[in-house]
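Any read-out appearing in this document is the output of simple, stated calculations on the displayed coordinates, not a laboratory observation. Note that the structure is a prediction, hence the values are computed from the model and not measured. We place every Cβ from the backbone using ideal geometry, glycine too, and count neighbours over all the protein chains shown.
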Amino acid sequence: MNYLEVLNKLEPVVRHAGEITMRYLQSDKRIEYKDRVNLVTRADHESEEYLFNSLSEVFPEDSIIAEEGHQKTGSSGYTWIVDPLDYNELRSWISFFLYLCGSC
């Protein structure tokens with residue numbers, strides 16, 4: 001499969017994952033803490049679940065490693081790394097950046 005074919009298969013999957021995240025950004029902003037500085041939301045969990053299942057279906061021979069724990073070993077030699085980004089991820093990076101700047 002060439003890169004254009006991969007992109008054509010991937011585009012609807014990624015767009016729908018973005019729609020899932022946007023739906024949560026507009027409504028449910030509940031946050032869970034993995035530890036003191038790492039946050040996770042329902043948007044993270046649902047979009048990762050969707051991406052993992054969709055990538056497994058569209059690229060069944062590929063491996064997948066996802067941030068919140070989904071993993072699958074494939075035989076193709078290709079690996080997808082899944083880390084859905086939502087506003088809490090941005091907030092974590094901003095907090096970390098401000099902490100570093102304040103420490104300088």
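Key figures for this structure:
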item: Computed label-point distance, nm, for sites residue 73 and residue 15 using a 7 Å Cα→Cβ extension; result: 3.6
item: Approximate spin-label separation residue 3-residue 81, in nm, with each point projected 7 Å along Cα-to-Cβ; result: 1.8
